[in-house]
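Contents: one structure, followed by commentary.
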Amino acid sequence: MNYNKLADMLFPNVTNTPEFYESKFIQRKLPNNAQVTRMAPSPTGFIHLGNLYSALADERIAHKNGGVFYLRIEDTDEKRKVDGAVELIIDTLRYFDIEFDEGAGFDENEETNAYGPYFQRQRVDIYHTYAKNLVAKGLAYPCFCTEEELDAVRKTQEEQKELTGYYGKYAACRELTMEEIEANLLAKKPYVLRLCSQGSPEKEITFVDAIKGEIKLPENIHDIVLLKRDGIPTYHFAHAIDDHLMRTTVVVRGGEWLASAPIHYELFHLLGFKMPKYAHTAHLMKIDEETGGKRKLSKRKDPELSLDYYKKDGYHPYCMKVYLMTLLNSNFEEWHEKFADKDINEFPFSIDKMNQSGALFDKDKLHNICKNELSKLSENEVYDFLYQWASDYEPTNKEIWFADKEKMLSILRLYMGVGMKRRRKDLVYAKQIFELFSYFFDGSKMQEKDSFKLDIDEVHAILTKYLESYNHTDDNSIWFNKLKDIADSLGYASDMKAYKASPEKFKGNVSDVAEVIRIAVTGRANTPDLWTIVHIMGEAQMRERIETVL
RNA sequence: GGCUAAUUGGUCAAGCGGUUAAGACGCCGCCCUCUCACGGCGGAAACAGGGGUUCGAUUCCCCUAUUAGCUACCA
């Protein structure tokens with residue numbers, strides 16, 4: 001077989017050689033230990049928590065040592081393409097403080113485009129150049145098998161309990177003569193280009209995965225498809241060419257790719273490329289409510305997987321990042337607590353500290369992190385964040401909430417415990433936050449979340465006395481002393497010690513009295529300091545609320 | 001079915017042949033306290049099962065179970 005002739009027949013328009021591209025995309029000049037990573041999504045227009053999780057890993061690996069993190073779009077499957085997807089990806093990652101250094105979306109004339117193009121559909125000339133070279137070496141061949149023929153083969157393989165696939169004796173088109181190929185080509189029969197695998201089922205390859213350690217897998221023996229019928233490469237072929245030419249040093253990808261590592265291993269070797277380091281990550285998991293089992297988070301079933309879900313509820317992006325970091329590197333949490341003042345990007349991220357198995361997404365933990373991180377912010381920072389969120393998702397309420405800036409800041413100071421020895425940790429996410437102190441804004445429509453435990457007469461007596469003795473200029477301690485007086489006069493203990501010593505002597509204690517007022521004023525039994533609340537809402541609103549209850 | 005990987009409390013996880021098997025979240029109790037939150041103290045809670053190897057296995061090997069992934073002209 002004259003392979004050179006076959007190569008020319010298959011790729012008459014290819015004039016470049018691999019050498020051309022090798023010298024065009026030269027080795028990057030980077031500091032020692034600097035890694036080149038990439039995010040390589042298909043442009044489906046959907047980016048989820050799992051994507052963010054691995055993008056963050058990529059970004060940290062590249063940026064901790066001054067490397068490069070770029071965006072490549074794997075648009076080889078045309079069915080999945082959605083317009084505007086690239087912008088969406090860039091914007092979404094930016095929202096979570098992850099920036100690309102080069103790649104798709106950057107100005108085409110800039111240096112940030114030096115290893116492009118970054119859209120695989122625009123790289124077919126490159127793929128064809130390498131494909132032609134493979135054919136010329138007898139390492140790839142056209143396959144004219146139809147879908148039906150392939151199905152039939154698979155069926156017999158299944159029946160005979162043999163390994164399914166296109167390999168060895170089943171690789172019918174391997175045996176085609178030049179004349180047969182020419183005839184098929186002349187007849188315009190559609191074909192795919194397949195790898196002529198050199199692997200042997202008895203041998204195995206070993207390589208070191210940066211996360212999982214040493215991996216042994218059988219050699220690839222399948223004559224996998226390199227170029228699809230339309231001339232577009234499959235993931236495997238594109239991966240080898242692109243990551244080599246773009247000089248990627250670390251490929252971080254989902255664990256589902258581990259099984260095809262032998263294919264990539266063979267491809268890199270046949271193509272004469274140096275293999276990148278692989279880091280196969282575990283997926284984020286969740287408990288399946290139907291089966292009770294652990295399973296991969298899925299786009300279709302799990303709304304909380306969508307990043308929009310978190311944006312809509314108003315989770316602060318920084319908190320999300322901190323949470324993802326704790327999942328990504330098990331020692332991050334400890335570091336973050338120890339060096340609370342340091343920028344989290346200073347954390348010495350290490351690939352081998354990454355999880356080997358899939359972590360369950362834990363909302364409780366996320367909430368805990370939100371509380372902690374939000375409590376470290378200033379009231380102004382929280383204000384700005386809430387303002388932005390409300391503008392995007394609650395435009396009508398926003399007018400009410402932010403009509404009086406000073407009032408909102410006072411509320412935030414109250415709820416954050418600004419000025420206290422220790423901060424409160426009440427704030428979790430925007431939606432929850434506004435719910436928390438909605439009573440400041442809903443006027444007469446206020447709904448009681450909690451109801452009085454004492455009977456109506458007692459409530460009436462307490463509130464009446466409270467209103468009588470109330471003086472808006474009283475400071476916190478005078479105000480509270482008056483509450484104690486009310487307690488005493490109605491048979492409640494004003495002194496907790498006395499109450500605990502002999503509770504049977506009293507109807508209750510000051511806390512019961514305070515609770516009545518608290519519920520009357522705020523509609524809820526649990527709030528921060530009541531005196532401060534009253535002073536933020538003003539005497540008029542307080543009186544109005546109590547009068548309404550009375 | 002075949003191949004591969006994983007398996008420490010409810011969850012996230014330290015651990016790398018000898019430990020009273022860390023820590024965090026959640027839960028429970030106590031303290032502080034006008035409620036809540038914060039904070040402090042304490043508690044319940046784990047090496048999937050069975051065989052080896054070894055003086056000694058959570059740690060190494062094998063088998064079983066379970067879970068996940070792959071088994072496309074999808075990525």
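No value in this document is a laboratory result; all are computed from the given coordinates. Because the structure is predicted, anything quoted here is derived from the model rather than measured. A quick note on method: Cβ atoms are made from the backbone with ideal geometry, for glycine too, and the neighbour counts reach across all protein chains shown.
A few comments on the model shown:
- For A:VAL36, residues with placed amide H under 5 Å, excluding near neighbours: A:VAL68, A:THR249, A:VAL250
- Centre separation in Å (Cα based) which lies between segment A:311-338 and segment A:11-42: 34
- Across chain A, counting alpha-carbon atoms alone, Rg and Dmax equal 33.1, 111 Å.
- Mean shadow area of segment A:486-550, taken as a quarter of the surface of its Cα convex hull (nm²): 4.8
- Within chain A, DSSP assigns beta bridges of which about 55% are antiparallel (rounded to the nearest 5).
- Crossing angle, helix A:147-159 versus chain A [Cα axis fit, 0-90 degrees, rounded to tens]: 80
- Rounded if a/c under 1.5, otherwise prolate or oblate - segment A:135-174, Cα gyration tensor axes: oblate
- Simple Cβ-charge dipole of chain A, Lys/Arg +1 and Asp/Glu -1, about Cα centre, in debye nearest 20: 900
- Translational diffusion of segment A:142-286, µm² s⁻¹ [Kirkwood Rh, Cα pairs; Stokes-Einstein; 10 °C; 1.306 mPa s]: 94
- Cα centroid separation, segment A:528-550 to segment A:161-175 (Å): 81
- Pairs of lysines in segment A:132-267 (C-alpha under 27 Å apart; 8 or more residues apart or interchain): 25
- Residues in segment A:3-13 carry Karplus couplings, in order, of 5, 5, 5, 4, 4, 5, 5, 6, 10, x, 8 Hz; the curve used is 6.51 cos²θ - 1.76 cosθ + 1.60 with θ = phi - 60°, and Gly or Pro positions show x.
- For segment A:44-50, 3J(HN,Hα) computed residue by residue from phi via the Karplus equation (6.51, -1.76, 1.60; θ = phi - 60°) reads 7, x, 9, 10, 10, 4, x Hz, glycine and proline entered as x.
- Per-pair calculated FRET efficiency, R0 = 56 Å: A:GLU333 and A:MET178 via Cβ, rounded to 0.05: 0.30
- Phi to ³J(HN,Hα) by Karplus 6.51 cos²θ - 1.76 cosθ + 1.60 over segment A:452-459, Hz, x for Gly, Pro: 5, 8, 7, 7, 4, 4, 4, 4
- No disulfide-compatible partner, judged by a Cβ distance under 4.7 Å, exists for the following cysteines of chain A: A:CYS145, A:CYS196.
- Set against the 2.2 N^0.38 Å expectation for a compact globular protein, segment A:376-454 has a Cα radius of gyration ratio of 1.15.
- Restraint check, A:LYS431/A:LYS507; A:LYS29/A:LYS376; A:LYS405/A:LYS449; A:LYS482/A:LYS505; A:LYS449/A:LYS507; A:LYS81/A:LYS371, Cα-Cα greater than 32 Å: A:LYS431/A:LYS507; A:LYS29/A:LYS376; A:LYS81/A:LYS371
- Helix axis angle, A:235-245 relative to chain A longest principal axis, alpha carbon, degrees: 90
- Segment A:84-198 - Kirkwood radius from inverse mean 1/r over Cα pairs (Å): 18.0
- On the beta carbon distance between A:GLU22 and A:ASP362, with R0 = 60 Å, the FRET formula returns roughly 0.80.
- Amide H contacts of A:TYR167 (H built 1.01 Å from N, in plane; Pro and chain starts excluded): A:ASP223 sit under 5 Å, all sequence-distant by 5 or more or on other chains.
- Sum of -39500 (n - 2.57) over DSSP H runs of 4+, divided by residues of chain A (222 nm, nearest 500): -13500 deg cm²/dmol
- When the convex hull of its Cα atoms is viewed from all sides, segment A:428-494 shows a mean projected area of 6.6 nm².
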